[in-house]
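> Below: one structure in structure tokens.
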Amino acid sequence: MKNKYLSFIKNSLISSAAVIGAGIGVSELAADFTDNGKIIGALSTIAGYAAGWAAFLPLQAIDNRENYMQNERFNTKRFITDNIKLGVPLIMLDGAYLLARPFMQDYLIDSGVSESRSSLFSDMIFLPVYITAAVFLARKIGIIPRAGKSLEDKVK
């Protein structure tokens, strides 16, 4: 996909599906072992977070392979460096997500919502905010280059 902005959003939405799927699955699985909403929420959040990044990073690598090819080989070091540039500004956002989402899911479970639905509702609240902030930050730091500017131009 040539438009990096649309590519980033596409990858974010696909990884959101992984977040939601993992969150729901782990919530239901954890509910078989415990009734503690905080534990269910924490496990669901961690699983969803890991699944989201596990889906997002390969998609980014595939969509941006022309930026990371060097001597006909994929430059893994440069790919990791660019994604660390994205990850560092997201630390506060990630922290807020990882800390607040389990409590939101616990609250919903305590209110009588099923484990899978509480996971889905929690993600429906947090993911739009997370994706919007991630797109803004990616644009700001150059992961999504502005028209006519490449990532290398930003570094110079």
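> List every residue whose amide H lies under 5 Å from the amide H of Ile144, counting only residues 5 or more places away in sequence or on a different chain, with H placed 1.01 Å from N in the peptide plane.
The answer is Arg139.
> Using the alpha-carbon atoms, what tilt in degrees (0 to 90, nearest 10) does helix 4-31 show relative to the longest principal axis of the chain?
The angle comes out at about 20 degrees.
> In Å and on Cα atoms, what radius of gyration and Dmax does the range 31-115 show?
17.7, 57
> Let me ask another. May I ask for the angle, rounded to the nearest 10°, between helix 37-63 and the longest principal axis of the chain, with both axes built from Cα atoms and the value confined to 0 to 90°?
Between the helix axis and the principal axis of the chain, the angle is about 20 degrees.
> If I model a spin label as a point 7 Å beyond the Cα along the Cα-Cβ vector, how far apart are those points for Val88 and Ile14 in nm?
2.8
> What are the ³J(HN,Hα) couplings of the range 65-71, residue after residue, when phi is run through the Karplus curve with 6.51, -1.76, 1.60 and θ = phi - 60°? Round to Hz, x for glycine and proline.
Running phi through 6.51 cos²θ - 1.76 cosθ + 1.60 with θ = phi - 60° gives 4, 5, 6, 10, 7, 9, 6 Hz.
> Would you mind giving the average projected area, over all directions, of the Cα convex hull of the range 10-156 in nm² with one decimal?
Values: hull surface 37.3 nm².
For the Cα atoms of the range 10-156, the hull's average projected area reads 9.3 nm².
> Given H placed 1.01 Å from N in the peptide plane, which residues other than close sequence neighbours of Asn75 have an amide H under 5 Å from its amide H?
Under 5 Å from the amide H of Asn75 lie the amide H atoms of Met69, Gln70, each far enough along the sequence or on another chain.
Computed from the coordinates by the stated procedures, all read-outs in this text should not be read as laboratory data. Fair warning: this is a prediction, and the values are worked out from it, not measured in the lab. Positions of Cβ are generated from backbone atoms using ideal geometry, with glycine treated the same way; all protein chains shown enter the neighbour counts.
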